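The values are calculated or read from the model by the stated rules, or taken from the named source; none is laboratory data. Nothing here was measured: the structure is a model prediction, and the numbers come from that model. Here the Cβ positions follow ideal geometry from the backbone for every residue, glycine too, while neighbour counts run over all protein chains shown. Accessible surface areas use protein heavy atoms only, side chains included; no ligands, DNA or RNA. Shrake-Rupley method; radii C 1.70, N 1.55, O 1.52, S 1.80 Å.
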Amino acid sequence: MDNLILKLRGMSCASCASSVEQAIKSVPGVIECSVNFGMEQATIQYDSKQTNLATIQSAVDAAGYEALPLQEMATEDDAEKADRKSASQKLQRKLWTAGIISILLVVGGLPAMTGLHLPFIPAWLHNYWLQLVLTAPVQFWCGKSFYVGAWKSLKRRVATMDTLIALGTSAAYFYSVFVTLFPGFFTAQGLTPSVYYEVAASVVALILLGKTLENRAKGETSEAIRKLMGLQAKTARIIRNGEELELPIAKVEIGDIVQVRPGEQIPVDGEVIEGSSTVDEAMVTGESLPAKKQLGDEVIGATINKTGSFKFRATRVGKDTFLAQIVKMVQEAQGSKAPIQKLADQVTGWFVPVVIAIALATFIIWFNATGNFTLATVTMVEVLIIACPCALGLATPTAVMVGTGKGAENGILIKGAESLELAHKIQIIVLDKTGTLTVGKPTVTDLVTIKGTANSNELKLLQLAASVERNSEHPVGEAVVRYAQSQEVSLTDVRDFEAIAGSGVRGVSGGKSIALGTLRWMQELGCDTEYLELRARALEAASKTVIWIACEGKIEAIMGIADALKPSSAQAVKALQKLGLEVVMLTGDNRSTAESIAQSVGITRVFAGVRPDQKAAQIQALQGEGKIVAMVGDGINDAPALAVADVGIAIGTGTDVAIAASDITLISGDLQGLVTAIQLSRATMRNIRENLFFAFIYNIAGIPIAAGILYPILGWLLNPIIAGAAMAFSSLSVVTNALRLRNFQPKSIV
C-alpha cells in the first residue's frame with residue numbers, strides 16, 4: 001500500500017471537495033481518500049499494482065479539477081510561486097473592477113431602493129441601458145469562474161456553490177435585462193418594473209471579496225508548514241577528498257563529512273565525529289534549553305549550532321531527514337478528516353440540491369400567493385445567494401490545520417485529525433516507566449555478592465555477567481556493560497546466548513553458565529534466593545531495580561540499578577490529574593520497586609511485573625472498563641500496547657518502532673508535552689464545535705429569512721446585496737475563528 005498527497009486546483013466549495021473525493025475513490029486500486037477543502041489537497045492510500053499517479057490525476061481531471069503531486073520537502077519552486085502570485089493578482093483585478101462598478105450601480109439604484117428623490121445622484125446613473133452595459137463585464141468576466149464551475153458541475157450532474165452563485169446572479173441579471181428590453185410586459189399588467197443590476201454586480205463583488213479574504217486567511221492556517229519548510233538550510237559545508245566545498249542542500253549525500261561553525265544552521269541529520277558544542281533544537285523539539293553535543297551524539301538538520309565547532313557524518317538527507325518527516329507527518333495530519341467532520345460532509349453532499357429545491361419552492365409559493373413576479377424572483381435569488389456550503393466544509397479542516405500546526409510548533413506530532421479529536425476524550429493515561437517517567441538510562445549503583453563462594457571475586461563475576469549482557473539490547477543490559485567498562489573489566493566471548501522476554505538473559509561465559517534476571521525467574525530456575533532477599537528488598541525500597549546473578553545454577557550476587565526520574569515527571573502527572581485524567585503506571589519491575597517510583601510521582605494505580613507480551617492485554621483490560629485509554633511509551637516492547645490503545649503516544653527520544661505505532665509523538669521526550677497535547681486537543685475540538693455551530697446556525701436562520709418568512713409579519717424582505725455579503729463573510733468568519741487557535745499557549749495548571 002502506497003501513500004500519496006495531491007495538491008488540488010479548481011475547487012470553490014466543500015461540494016467540489018466531495019466531488020473530487022468521489023472521483024478518486026472510484027479509481028480501481030484506491031483504498032482510501034480524504035479531500036481537505038481548506039488545504040486544497042487529497043490524501044490517498046492506494047495499491048500501486050492496480051493504479052498509479054497518472055490514473056488518479058486523470059480521474060480528477062475528468063471531474064473538472066486539476067491535481068499535482070505535493071512536494072514532500074521543499075519550499076515552493078519559482079514557477080509555483082509565480083502561478084500563485086498571478087492568480088492572486090487576477091483575483092484582485094476582478095475584485096476592484098466588480099467593486100467600483102457595484103458602487104456606481106448601488107448609488108444609481110438608491111432612489112429606487114429608498115423611494116426617495118436624491119438630487120445629488122446624477123440622472124445618467126438611473127439609466128437602465130447604462131446599468132446593463134456596466135454590469136455585463138462584472139457578470140461575465142469577473143464572475144466567469146462561477147459560470148465555468150457551474151458548467152463543470154452540470155456536466156457531472158452535481159451541484160456546487162458555483163451553481164448557486166451562477167443561478168442567483170443570472171436570475172437577477174437576466175430578469176433586469178428583460179425589464180430593460182421589454183418594460184411594456186410589466187406595465188401592461190399594471191406592475192412597476194424594477195431592475196436588479198446592482199444586486200448581480202454587488203453579489204459577485206462581495207463573493208470575490210470574501211474569496212480574497214478567505215484565501216488570505218487559509219494561507220495563514222498553513223503558516224506552520226511554511227515555518228517548518230523555512231527552517232531547512234539552503235547550503236552545507238562539505239569536506240570531500242580533503243577539500244572544503246559549499247554545496248546546495250540537495251547535493252549532500254549520506255556519508256558526507258559536514259563542517260559546522262558557531263552560529264550556523266545544521267544542514268542535515270548526522271552523527272558527531274569530531275568536536276563538541278551546544279545546539280538549539282527548540283524549532284523541532286520544542287525544548288528551550290540547548291542540548292550538549294559531543295562525539296557519537298546525533299544532530300538534527302535545521303537546528304542551530306551555538307558555541308562550538310564540530311564535524312559530523314551525514315546519516316539522513318533529503319526526504320529522509322527528521323525535519324522532512326515532520327513536514328510530511330504534519331501535511332498528512334492536516335489533510336486528514338476528524339470523525340466529527342462526517343456530519344458536515346453528509347450535509348454538504350445534499351446541501352446544494354436542497355437549496356435549489358427551496359429556491360424554486362419559494363418562487364412558486366410567492367408567485368401563487370401574490371401574483372407578484374418581481375417579489376417571487378427576488379426571494380428566489382436571495383435563497384440562492386445566501387446559502388453557503390463552504391462554511392460547513394471549512395469548519396473542521398481549518399481548525400485541524402491550525403491545531404496540528406500549533407502542535408508541531410510545540411514539539412508534538414499528531415498523525416491525523418482522528419487522533420487529535422480522540423485525545424480530548426481520554427479518561428485513562430497509562431505511562432510506561434522506563435524512558436517515559438524515567439530518563440531511560442539505567443545505572444548500576446550496587447553490586448552485592450555472596451561471600452565465601454568460589455566466585456567471590458567481584459571483578460571476575462562482573463566480567464562474566466557483563467559479557468552475557470553485552471548481547472542484550474535491553475537498557476538494563478547496557479547499564480551492566482557500562483558499569484563493567486567503568487571498572488576497566490574486559491569482556492569475553494559468549495556462546496548459547498538466550499534472552500527470555502520479561503525474565504532475563506543467560507549464556508555461557510568463561511566456560512561457566514551465567515544467568516541474569518528477575519527474582520521470579522531465578523526461583524523458576526530452582527535457585528536458592530533466600531540469602532540475599534533481605535538486601536534485595538532494601539534496594540527495591542530505594543526505588544532500584546534488582547537484577548539477580550546466578551553462576552552454574554547458584555545465586556552469586558544481586559545488582560541494584562537505578563533509573564533517575566525525569567525532572568518534569570511528577571509535575572506532569574499532577575497536571576494530568578488536575579485535567580481530570582486517571583494516571584496509571586505500567587512496568588515490568590517488581591511491585592515493591594514500582595510502587596516506590598509511582599509514589600514519588602503521585603501515581604496510585606500501578607501494574608507491576610508486566611511482561612512485554614502482556615502490556616497490550618493490560619491496555620485492553622482497561623478498555624474493557626468502558627474507558628478511553630491512552631498509552632505512553634518509548635520502547636520496542638511498547639509498540640503493541642501503543643497500537644492497541646485508543647490513543648498511542650510515543651516519546652520522541654524512543655525507538656522508531658514505537659513512534660511508528662503511535663498516534664501522537666512527543667519529540668522532546670518531556671512529559672509536559674503530554675499535558676500540552678491534551679490541552680491542544682481540547683482547545684481544537686472546542687474551536688471545531690464553535691465553527692460547526694456558526695455554520696449550521698447561519699444556514700438554518702439565513703435561508704428562511706431569505707425566503708421571506710418575515711415578510712408577512714414585518715413587511716420586510718432581505719436585500720439581495722446583504723444576502724451576498726452574508727454568504728461571502730460566513731466562510732471568512734469560520735476561518736477567522738479557527739485562526740484564534742494560533743494564539744494557543746499551554747496553561748500551567750500545577
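Before moving on, here are some points about what is shown:
- Here the extension length gained between residue 66 and residue 498 equals 149.8 nm, from 0.36 nm per residue of separation less the Cα-Cα distance.
- The 1.4 Å probe gives accessible areas that order 350, 548, 141, largest first, as 350, 141, 548.
- All alpha carbon pair distances within the stretch 1-62 were sorted into 10 Å bins beginning at 0; the resulting P(r) in whole percents reads 25, 60, 14, 1.
- Calculated log₁₀ intensity ratio I(q)/I(0) where the Debye formula runs over C-alpha points of the stretch 585-645, q = 0.16, 0.17, 0.18, 0.19 Å⁻¹: -0.50, -0.56, -0.63, -0.70
- Length-normalised contact order for the stretch 17-61 - Cα pairs under 8 Å, 6+ apart - percent: 38 percent
- These residues, 443, 396, go from largest to smallest accessible area, 1.4 Å probe, as 443, 396.
- Gyration tensor (alpha-carbon) shape descriptor, the stretch 547-637, a/c threshold 1.5: oblate
- Computed with every protein chain present, the accessible area of residue 133 is close to 100 Å² [probe 1.4 Å].
- Heavy-atom accessible area order for 531, 711, largest first, 1.4 Å probe: 531, 711
- Selection of GluC sites (Glu not before Pro), the stretch 428-497, meeting DSSP coil and at most 12 other Cβ within 10 Å: 473, 488
- Applied to the stretch 267-274, the Karplus parametrisation 6.51 cos²θ - 1.76 cosθ + 1.60 on θ = phi - 60° returns per-residue 3J(HN,Hα) values of x, 9, 6, x, 10, 5, 10, 7 Hz, with x for Gly and Pro.
- Rounded to whole numbers, the Karplus 3J(HN,Hα) couplings from phi for the stretch 427-444 are 10, 10, 10, 9, 10, 5, 7, 5, x, 10, 6, 9, 5, x, 10, x, 10, 6 Hz, using 6.51 cos²θ - 1.76 cosθ + 1.60 with θ = phi - 60°, and x at Gly and Pro.
- Residues of type aspartates and glutamates that residue 512 reaches as a straight line, Cα spacing below 13 Å, ignoring anything fewer than 8 places off in the same chain: 493, 496, 552, 556
- Distant-in-sequence amide contacts of residue 293, defined by a placed amide H-H separation under 5 Å and a gap of 5 or more residues or a different chain, comprise 277, 278, 279.
- Tensor-based shape of the stretch 401-509 (alpha-carbon gyration tensor, a/c under 1.5 rounded, otherwise prolate or oblate): prolate
- Mean projected area of the convex hull spanned by the Cα atoms of the stretch 526-587, taken over all viewing directions: 5.7 nm².
- Solvent-accessible surface (1.4 angstrom probe) belonging to residue 240, in square angstrom, nearest 10: 70 Å²
- Of the cross-linked pairs 25/328; 211/425; 406/433; 425/578; 319/433; 292/460, those separated by over 26 Å at the C-alpha level are 211/425; 406/433; 319/433; 292/460.
- Near residue 430, the amide H atoms lying under 5 Å from its own belong to 584, 630, 631, 632; only residues 5 or more places off or on other chains count, and H is placed 1.01 Å from N.
- Each semi-axis of the equivalent ellipsoid for the stretch 561-704 is √(5λ) with λ an eigenvalue of the Cα gyration tensor; in descending order they amount to 34, 17, 15 Å.
- Judged by the mean number of other Cβ atoms found within 10 Å, the most tightly packed of the peptides 604-612, 680-688, 162-170 leads the ranking 162-170, 680-688, 604-612.
- For the peptides 122-131, 563-572, the ranking by mean Cβ contacts within 10 Å, running from highest to lowest, is 563-572, 122-131.
- Whether the stretch 447-554 is rounded, prolate or oblate, judged on the alpha carbon gyration tensor where a/c under 1.5 counts as rounded: rounded
- Placed amide H near residue 669: partners under 5 Å, 5+ positions off or other chain: 652, 653
- Residue-by-residue Karplus 3J(HN,Hα) for the stretch 198-205, coefficients 6.51, -1.76, 1.60, Hz, glycine and proline x: 5, 5, 4, 5, 5, 4, 4, 4
- With a Förster radius of 45 Å applied to the beta-carbon distance between residue 459 and residue 31, the computed FRET efficiency rounds to 0.15.
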